[in-house]
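Worksheet for the structure shown next.
The values are calculated or read from the model by the stated rules, or taken from the named source; none is laboratory data. Remember, it's a predicted structure, so these values are computed and weren't measured experimentally. Cβ coordinates were reconstructed from backbone atoms using ideal geometry, including for glycine residues, and neighbour counts include every protein chain displayed.
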Amino acid sequence: MAASLENTVLDSGLSDCVSNTSTLAVCSSEPTTYAQASTTYLLGYYSWGAGSAFGAIAAGTPNGRQITSNAITNGTITTSGTANWWAIWKAGTLQAHGTLAASQVVTAGNTFTLTAFTIRIPNQ
């Protein structure tokens, strides 16, 4: 028998991202820890400030709940390389990561842009 999570449970997980996410990084490899996202694989970053990264929690498609980020138009590239992943964090804690739509060669000293992206938690 399959179980379904209710919106209040799903919203609890997303609420932390909405309220506390402060920074997005573009990374060369998949970051699975804060240290990897913020140092080891870091190529660049953008800081929204806590509470400014995502819009409101909404119904997900085809089910569940989701949040959508604000687009980035002036992220800072700190290290040259090939960006393949994004990661978001708050005060020393990795919150989520995913692949970029396409790999991009980046050069230190340049800026980057990133269109809005969605993080969804399915309810089953």
Inset, instruction - From G109, G51, grab the single residue that is farther than 14 Å from T23 by Cα and assigned to a loop (DSSP other than H, G, I, E, B). - result: G109
Inset, instruction - Output yes when any residue across region 13-35 is part of a strand (DSSP E or B), surrounded by fewer than 18 Cβ atoms within 10 Å (Cβ to Cβ) and not aromatic (F, W, Y), and no when none is. - result: no
Legend entry - Contacts under 7 angstrom Cβ, first residue in region 100-124 being free of Cβ contacts under 8 Å to residues at least 60 places away in the same chain, partner not in a strand (DSSP E or B) and not basic (K, R), 6 or more apart: T107/S80; A108/T78; A108/T79; A108/S80; T115/A71; A116/N70; A116/A71
Inset, instruction - Show the residue pairs that are 6+ apart or on different chains and have beta-carbon atoms under 6 Å apart, the first residue being within region 58-72 and without any contact (Cβ under 8 Å) to a residue 60 or more places away in the chain, the second being buried (at least 17 other Cβ atoms within 10 Å of the Cβ) and among the hydroxyl-bearing types (S, T, Y). - result: I72/Y46
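Could you please let me know if S38 is of a type in the set (G, A, S), touching a residue at least 24 places away in the same chain (Cβ under 8 Å) and either in a helix (DSSP H, G or I) or on the phi > 0 side of the Ramachandran plot (or both)?
yes
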Inset, instruction - Would you mention how many residues in region 36-51 are surrounded by fewer than 13 Cβ atoms within 10 Å (Cβ to Cβ) and farther than 23 Å from N110 by Cβ? - result: 1
Legend entry - Residue count for region 54-65, restricted to those that are assigned to a strand (DSSP E or B) and surrounded by fewer than 19 Cβ atoms within 10 Å (Cβ to Cβ): 2
Legend entry - Lone unmet requirement of (1) at pLDDT 95 or above; (2) part of a strand (DSSP E or B); (3) buried (at least 17 other Cβ atoms within 10 Å of the Cβ) for W89: (1)
